[in-house]
1. Simple spin-label model, 7 Å along Cα-to-Cβ: residue 405 to residue 509 in nm?
2. Please report, as a whole percent, how much of the solvent-accessible surface of segment 691-787 comes from carbon and sulfur atoms (probe radius 1.4 Å).
3. Just by accessible area at a 1.4 angstrom probe, what is the order of 602, 406 from largest to smallest?
4. What figure in square angstrom, to the nearest 10, would you give for the accessible area of residue 559 with a 1.4 Å probe?
5. Roughly speaking, what is the stretch gain from residue 190 to residue 794, that is 0.36 nm per residue apart minus the C-alpha to C-alpha distance, in nm to one decimal?
6. Multiplying the sequence separation of residue 332 and residue 696 by 0.36 nm and subtracting their Cα-Cα distance, what value in nm do you get?
7. Which entries of 159/181; 103/593; 343/615; 181/691 show an alpha-carbon separation above 30 angstrom in the structure shown?
8. Provide the solvent-accessible area of residue 159, counting protein heavy atoms only and rolling a 1.4 Å probe, rounded to the nearest 10 Å².
Amino acid sequence: MESAADRRFRALRYASCCFAAILLAAYAADAEPYIERVQGPRYPGGALLRGETGTVQCVLEVAPSGEVVAVEAEGDNTALADEARTAALGFRFQRSSQTTVVKIVFRFELEPGEGAVPLPLVPYGQVHLHVAEAGLRSDVAGATAVAVGFGIGAVATGKGDLDLRLPAGQVSVLVAAPEYKPLQVQLEIAPGASIEETVYLYRSRPSDFSATVPGERRRDAPTRVQLDREELRNVPGTQDDPLRVVSLLPGVARAPFAGGQLVVRGARPTDTGAYLNGQRIPILYHLLDGPSVLADSAVDSIDFLAGGSGVFYGNQLAAIVAVRPRFGDPERLHGVAAVDLGKTSAWLEGPIGGSTQFAGGGRLSYVNPVLKETLDPNVPFSAPVYGDYQASIRHRFESGTTASLLAFGSRDSFEQLGRGLGNTVSSRDQRLVFHRLQLQVETPLSSGVSFLISPNLGYDNSRTQSADALGVTTADTRNDESLSAGLRSEVIWKRSEGVELRAGTDFTMQRVAYDVDARFDRTLPSFGVPNGERQVGRGLRFIEDFGTYAQVELSRGPLRITPGLRMDVMRWSGRVYVMTDPRLWLRYALSPKLDLFSYAGLYHQTPQAEEIDEKTGNPGLTPAAAQQYGLGVESRFADTWTFRVEGFYQRRSSLVFTAEPRALPDGTIANPLFLNSGRARSYGLELLLRKRISRWVYGWISYTLSKTEELQRPGEDWQRGPFDQTHVLSMLVGFRPSTQVEFSARLRLATGNPQRQVTGAVFDNLIGRYVPITLPVGSARLPGFAQLDFEVNNIWTADVFRLGLYVDIENVFSRRNGETLAYDFRYQEQSTFQGVPFSAAVGVRVSF
């Protein structure tokens, strides 16, 4: 037989269930704002004792902050109305732009047939639940928790927190959220106690893939491809390598195999700059087509500006890769550790107090044993050996000012594998080291005005040593050491929704010291014999660049106009050059999902340090210049498709090329080594088509059709640029059949780089080796490049960590892609220096 106590609790449960039903009805109404926090009413003891029931209608006044500021309760029973008013005051709604009125009806009822029951002294306890995603420990906003059998429930806030007031004893709470498996937890609640629990929900299906869409405000270029952290994790081939995604975007040609840089729209790698928080990075990728110098944990997002970059960037002729770093999680500790056949990496981040967070980690590589086994010992190959690190700390002051300190660096070198013909890159010993330290302070000055200042320091060291044709003695050696310092400041004033002003300055100073022991070959056609000049010694060079800029963004209806002006004062070798670069962007919204854009601008860039040295170059060199023009259309349709087509034209002038020695009237020979004698032109069409097919499948297609020509000296014929690749096609596809498994593939096709055709050789008695006789660049081409990569990820998820096993296979079909031509010491036999052969990396990754 049911006891009186059981009937009392049954009455309480029924009353609460009635409240929940009414609450859900109100929550589902379209006119109501989103509820973030719910507080259930209490059935008054006196009313329960007397068997009183009733209905209370509440009108809630919700402030823009989401807090309930006033409640009007109407009902026949004063006690019931008071409890309903108290419960309603505990509600919290989503923020809005105006005050909102919400109506909710509370109904207090007993089970049918039940009359007045004696009121027991039922003790209660307070329960605080935090709902997080298993493995990632990220907050699950909007999760619901309901006490089974009691009907007492609540909705998690944006940070995954919710509170419940539950009867003492053993209570079962059901926690659920969309796209997660529901979980039922057992809680033991002591009378009057307050307990806290963390509930981890496991995903029932993969998270929805987030495709990149252009942001509403573009301050650095009229158009850009923005890659956020979520997308960097989902694009295939980016294990600890987020910047590899950039190499697959429109306009980007295949990078030089040993360069560690980007080639964009036919320009030289030194003409494209990579910036971390506005500070230049010497190289973007580790040598020999290695991974990027920044681990994925260190990157928050990447903006790729193929053309038309704004006045914020100077001293750069071509594209910009702008990387924003991560400064750690301000709320909880996270870490990543990974090891595979090619590298070991680690990362740790988290809070230090309430307003400070830190992050740091690094990677160390070694030669993949699979690569060693699959490599033909008779084919020359150089394996990269590298290490890199990143560390940061960030603090937010009560005034709103944020200060961050960032340090990062990298070290690269080669390990020679295989053997082959001597005159190749495989016979070179190369080392590259760099370190950067940056402080950035950003503060709001007033409403709509913010100020940023960022000093930075840098150190670079590069060493190159090449052997002679027989690989016996050292022929050329060069060691460069560079110290750099810079200071950037900027003010942004948002006058209104249609007017924004951006102005600032940036200053960089570079001190380059070098030791050189090298021969500079110069062919003297008029004399019919080869000639060589050997330079041995030390040198020191200073390069200074002071820039100031201003840009205003004007918006009126569908039209956005952004004119800007940048002025740079460049100084080296006692010479000063003043450069003025006007730039203009236009964007017009043809429809809500279709934008037309265009841009035009002038750009300048200083020569490289070795080019202006009086021993190894020409101190009289002037800055190179570039004109950039572009016109394109961006479209977003069917909610899952993005499409962009852009035509571009770039004209570069005053480019630095080697000078032809000439005989002077007095009988001497003038050999300035370098002159600003060159010009170049690049034009083409770029396409990017992306579709978020579903949460299970994602991908994109990128295609570039371009042509690059160079004119090295006046009077000569135009010839193909050394980085001219007529066709470049990249395809990405990923398939995630479950939350534990992901398959991804990447296909790259590209026209081979132009080469010089060797027609013969002449023996040079001065140096004791053969000097080749060649035709102009473009007289020969490397075979087309084709490579298919495949990757499988298998992830096991626990409450507080994830364990991943991945297999990354490069060059699935083991295609022998040629990177450059190689010859024997007489230039009679020809071979091809090959790129990455078939390579497989198996690794384990643990994150928490």
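The values are calculated or read from the model by the stated rules, or taken from the named source; none is laboratory data. Here the structure is a predicted model, which is why all the values come from computation and not from measurement. In this analysis, Cβ positions are derived from the backbone assuming ideal geometry, glycine residues included, and neighbour counts consider all displayed protein chains. Remember, those area values only see protein heavy atoms, side chains included, never the ligands or the DNA or RNA. Shrake-Rupley method; radii C 1.70, N 1.55, O 1.52, S 1.80 Å.
1. The answer from the label model is 2.3 nm.
2. Here carbon and sulfur together make up 60 percent of the probe-accessible area.
3. Greatest to least solvent exposure: 602, 406.
4. 70
5. 213.2 nm
6. Roughly 128.1 nm would be gained on extension.
7. 103/593; 343/615
8. Residue 159 has an accessible surface of roughly 120 Å² with all protein chains in place.
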